[in-house]
Amino acid sequence: MSTLSLFFEISAFFLAVYALCAGGAYLLVWTLGRERYAAHRIQQRPRPAQVRREIFWSVVSILILSSLLTVTWLIAEAGWSLGYFDVADHGWTYLAASVAIMAIVHDTYYYWAHRFMHHPKVFRHVHKLHHTFTNPTPFASYAFHPLEAVVEVAWYAPLAFVLPVHPYAVAAYIVVLTVLNVISHLGYEFYSPGIARWFITSTHHNMHHARAKGHFMLYFNLWDRWMGTNMPEYEAAMQRKEDDAVPLRYHGAHE
Ligand SMILES: [Zn+2]
Ligand SMILES: [Zn+2]
């Protein structure tokens, strides 16, 4: 397969996962379920222009991520990394375990990379664009500046030299990452405080978008707890939602 068609296939897969997950969530929750889930909504409704910007920057980032994944595929094909192409080499159990290992490595990497991107000298050049969406929708899941897209995927290249990874594992990981990114940017809260203690929630990430400080994790509520970067009112806000079913509206605005 030529390099260009490989790039097209990876991009088409990545864009299809994004369109299905972000588009599906937006349709089900923001549009069809608007009244049914009103008590779960945690932010104001964005203007259509914002959604168009979220989609534009997400598509740009996905094309950048796909081009870097194409390079890592070519490196594996050349035999320079530990990437492999026959599932039988390590079996299906290992393949599933490699997806879990990627999630753990990425989560730790992302926490520190995210803190780095919030350094004042780095923020405005790399991460500010993602924070222009103070009330993000699922379409903002990959709405990054091109430089941030490079930071977002930089953990994977060195990992490919120490962990054997099959393209199916990368494909599964893209689905996991996109689903959880969509939940983080959903703008509606469906989780209980028990889940919030261990995993990221839409409320957690929404507070990060609204205030641009604290709450740096990707999946697990571990590094933020260990490093004291959870906002003190976070768990109380989740509990209040559970007790009273009161919508959490951090922006205090209504359409
Ligand atoms: Zn975000
Ligand atoms: Zn941030």
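The values are calculated or read from the model by the stated rules, or taken from the named source; none is laboratory data. Remember, predicted model here, so these are calculated numbers, not experimental data. Counting neighbours? That spans all protein chains shown, and the Cβs are built from the backbone with ideal geometry, glycine included. The area values use the complete protein model at the heavy-atom level, side chains included, leaving out ligands, DNA and RNA. Shrake-Rupley method; radii C 1.70, N 1.55, O 1.52, S 1.80 Å.
Keeping all protein chains in place, calculate the accessible area per residue for the chain (probe 1.4 angstrom), answer in Å². Each step should come with its number before you reach the end.
Details: 12130 Å² over 255 residues.
Per-residue accessible area for the chain comes out at 48 Å².
Quickly estimate the mean residue ellipticity at 222 nm for the chain, helices only: each DSSP H run with n ≥ 4 gives -39500 (n - 2.57), and the total goes over all residues, rounded to 500.
On the way: 12 runs with 152 residues, N = 255.
So the helix-based figure for the chain works out to -19000 deg cm²/dmol.
For residue 220, the residues whose modelled amide H falls within less than 5 Å of its own, excluding neighbours fewer than 5 places apart on the same chain, are 200.
A simple spin-label model places pseudo-atoms 7 Å from Cα toward Cβ; at residue 112 and residue 179 they are separated by 2.9 nm. Using heavy atoms of the protein chains and a probe of 1.4 Å, the accessible area assigned to residue 224 is about 0 Å². Within the chain, helices built from complete DSSP H runs that reach 18 Å or longer along their own axis (Cα positions) and carry a mean Kyte-Doolittle hydropathy of 1.6 or higher are 3-25, 167-184.
How much length is gained on full extension from residue 227 to residue 105, taking 0.36 nm per residue of separation minus their Cα-Cα distance?
Numbers: separation 122, 0.36 × 122 = 43.92 nm, distance 1.72 nm.
Working it through step by step, the gained length comes to 42.2 nm.
When the solvent-accessible surface of protein heavy atoms is calculated with a 1.4 angstrom probe, in what order do 124, 225, 240, 53 fall, highest first? Walk me through the intermediate numbers first.
Details: 124 150, 225 70, 240 120, 53 95 Å².
Most to least solvent-accessible, the answer reads 124, 240, 53, 225.
Each Cα pair under 8 Å and six or more residues apart adds its sequence gap; the mean of these over the residue count of the chain is a relative contact order of 30 percent. Under 5 Å between amide hydrogens, built in the peptide plane, is the criterion, and for residue 188 it picks out 42 among residues at least 5 positions away or on other chains. Solvent-accessible area assigned to carbon and sulfur over the chain amounts to 68 percent, based on a 1.4 Å probe. For residue 241, the lysines whose Cα comes closer than 24 Å to its Cα, not counting residues fewer than 8 places off in the same chain, are 213.
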